[in-house]
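Bear in mind that the values in this text are calculations on the coordinates, not laboratory data. Everything numeric here is computed off the predicted structure, so don't read it as measured data. Virtual Cβ from ideal backbone geometry, glycine too; neighbours counted across all protein chains shown.
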Number of protein chains: 2
Amino acid sequence: MEKLNALLIGGGNIARILLEELCHMLGKVYYFDFRKTGLEAEYLESFEVPEDVDVVVECAGIEAVKQHALEVLKAGRDLYVISSGAFAYTEFLERLLRELENSESKIFVPSGAIGGLDIIRALGKRVSGVDLIMRKPPVSLGYKEFGSQQRVVFEGRVEEAIEKFPQNVNVAVTLLLAVRDSKRINIRVIADPSIERNIHELVVRSSAGDYRITHENRPSPNPRTSYLAALSLASCIEKRFERFVVGG
Amino acid sequence: MEKLNALLIGGGNIARILLEELCHMLGKVYYFDFRKTGLEAEYLESFEVPEDVDVVVECAGIEAVKQHALEVLKAGRDLYVISSGAFAYTEFLERLLRELENSESKIFVPSGAIGGLDIIRALGKRVSGVDLIMRKPPVSLGYKEFGSQQRVVFEGRVEEAIEKFPQNVNVAVTLLLAVRDSKRINIRVIADPSIERNIHELVVRSSAGDYRITHENRPSPNPRTSYLAALSLASCIEKRFERFVVGG
């Protein structure tokens, strides 16, 4: 069977999940991180795209995307990005898109910790409005004391939400990239003392129908990472070799 | 800009939507149907894949898939299938998958009239159960008189649902292809006098989280077709030329 040689930017929890999920299709794997993490792959002391690498996968953070994405495109490789928050930097995104025009590369931004982007993509310009409602336990929003009633603690534009809730920046930016128009997106953050884990809800209104997607993600073995986000990245890479492609 | 030459199998409502949605990227377009429908494309009297065609798109029905899919693969073209119900015929599917192994072609089955397949794909073997709950106005289920209370009129396996509700076969089979295991799928049909249009709900349980996707699709200008299904097919084809791919 065909094997994929990959360079992972990042050697942490998500990289580990990728190695496990994609073990059936990975050939040679390199990783680059600010320090050696003991990942079962060849550690690169400095960033470069080795000759035999087919694709580059970022699973390190926004800064890593900003630092290395252009180099990946210049090397003519496809890039998978989990830290889509990097694309909130408009100037950076525009430079990247210009570079893409002149290259053979593609950039893939998987659905990540939210789903239903197949619906949003299909609806395209027919989407009239999208609400992203993030329901969180008050303690995770920094409240030490909180009553027993849920309360809206933020309602506003995606740009503002990105600044105020950096822990959810990837979800917000991926949604923005899918909808393509921040004016059609409304973000609401609700502190809800009745829940123990985040519940993300997407409400999509359009001339072709109305949709609601509710996510109760469980954390991955390392609780700072959304498990679904990591699995979504793996699934996106898996598609490369599929000859019978379902969904999308 | 690059243009896509396409052969559409089917010259009806969905073909019309495709021509409209994809007008920016379509070059030469042929269509084949049992009769000429006046579609703005070149009509083929008999089925063949013209030399200059890049992809073949089925938007005609299950029988068309069964009749022409193998020929498309033999011609080395990619095939987009909206009538996924054809893949309920296991023997046919297996023959197709064998043929795919030896070809350069791919088959794409878009999400269609349901969404959230990006979540199901990502979860993969972690999915423990999926409920597809189809809520319908009693009249659309053939009831002439019905009380004011909703009632479950079917609960069972996907194979049985396919036989009993042929009008929803594509949704059921696409879900089955995504989940890959019919034992993990439970179908429920509810006659609900309080609604005027179908509401499809997907409930996904997994070790990485729980998800619920609710669809209130509106019909397309021709009410027999799900608009979302047609738009999903168009969006799937659009991905071919995208260099910055969001979702999936």
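In plain terms, the C-alpha convex hull of chain A casts an average shadow of 14.5 nm² when viewed from every direction. Taking the centroid of alpha carbons for each part, the range A:101-141 and the range B:166-197 are 25 Å apart.
If I take every Cα pair under 8 Å that is 6 or more residues apart in the range A:163-248, average their sequence separation and divide by the length, what percent do I get for the relative contact order? Don't skip to the answer; put the middle values down first.
Details: 44 pairs, mean separation 11.0, N = 86.
For the range A:163-248, the relative contact order is 13 percent.
Cβ crowding within 10 Å ranks B:His215, B:His68 as B:His68, B:His215, fewest other Cβ atoms first.
So which GluC sites (Glu not before Pro) in the range A:68-115 are both in a DSSP loop and have at most 16 other Cβ atoms within 10 Å of their Cβ?
Those satisfying the criteria are A:Glu104.
Label point of B:Arg218 set 7 angstrom out along Cα-Cβ; within the range B:197-211, amide nitrogens under 18 Å from it belong to B:197-200. If R0 is 60 Å, the Cβ-Cβ spacing of B:Gln67 and B:Asp131 corresponds to a FRET efficiency of close to 0.95. In plain terms, if you count all Cα to Cα distances in the protein assembly as shown and split them into 10 Å steps from zero, the share in each step is 4, 19, 29, 27, 16, 5, 1, 0 percent. Each stretch of four or more DSSP H residues adds -39500 (n - 2.57); spread over every residue of the protein assembly as shown, this sum gives -8500 deg cm²/dmol at 222 nm.
Using a cut-off of under 11 Å, list every residue of the range A:79-123 whose amide N is near the label point 7 Å from the Cα of B:Arg180 along the Cα-to-beta-carbon line. Nothing falls inside the zone, counting backbone N under 11 Å. Annotation: amide H-H contacts under 5 Å for A:Gly247 (H modelled 1.01 Å from N, sequence separation of 5 or more, or interchain): B:Val109, B:Ser111.
Loop-located chymotrypsin sites (Phe, Trp or Tyr not before Pro) in the range B:66-157 (DSSP state other than H, G, I, E, B) with a sparse environment of at most 16 neighbouring Cβ atoms within 10 Å: B:Tyr89, B:Tyr143, B:Phe146. Could you tell me which of the pairs A:Lys125/B:Lys183; A:Lys183/B:Lys239; A:Lys136/B:Lys164; A:Lys3/A:Lys36; B:Lys36/B:Lys144; A:Lys66/A:Lys144 are separated by over 31 angstrom between their Cα atoms in the structure shown? The pairs that break the limit, which is 31 Å between Cα atoms, are A:Lys125/B:Lys183; A:Lys136/B:Lys164; B:Lys36/B:Lys144; A:Lys66/A:Lys144.
Over every Cα atom in the range B:166-248, the radius of gyration and the widest Cα-Cα span, Dmax, amount to 15.2, 46 Å. Label reach from B:Gln167 (point 7 Å along Cα→C-beta): in the range B:2-18, amide nitrogens under 20 Å belong to B:13-14.
Considering every Cα-Cα pair within the range B:117-215, what fraction, in whole percent, is farther apart than 17 Å? Across the range B:117-215, Cα pairs with separations above 17 Å total 50 percent. In order along the range A:65-80, phi translates into HN-Hα couplings of 4, 5, 7, 10, 4, 4, 5, 5, 5, 4, 7, x, 9, 7, 10, 9 Hz, rounded to whole numbers, per the Karplus curve 6.51 cos²θ - 1.76 cosθ + 1.60 with θ = phi - 60° and x for Gly and Pro.
Computed across the range A:81-149, the Kirkwood radius stands at 15.9 Å (inverse of mean 1/r, all Cα pairs). Take B:Tyr143, move 7 Å from Cα toward the beta carbon, and the resulting point lies 4.2 nm from the same point in each other copy, nearest first. Inter-part distance, the range A:212-226 to the range B:25-47, computed on C-alpha centroids, equals 47 Å.
The P(r) of the range B:7-62 has a tail past 18 Å containing 21 percent of all C-alpha pairs. Placing dummy labels 7 Å off each Cα toward the beta-carbon, the span from B:Tyr89 to B:Arg243 is 4.2 nm. Across chain B, Cα pairs under 8 Å and at least six residues apart give a relative contact order of 20 percent. For A:Phe154, enumerate residues with amide H under 5 Å from its amide H, sequence gap 5+ or separate chain, H modeled in the peptide plane. Here the answer is A:Val189, since their amide H atoms fall under 5 Å of that of A:Phe154.
For A:Tyr43, nonlocal amide neighbours, meaning residues 5 or more places apart or on other chains whose placed amide H falls under 5 Å from its own, are A:Tyr31. Label-to-label distances for B:Arg95 across copies, nearest first, come out at 5.6 nm, using points 7 Å from Cα in the beta-carbon direction.
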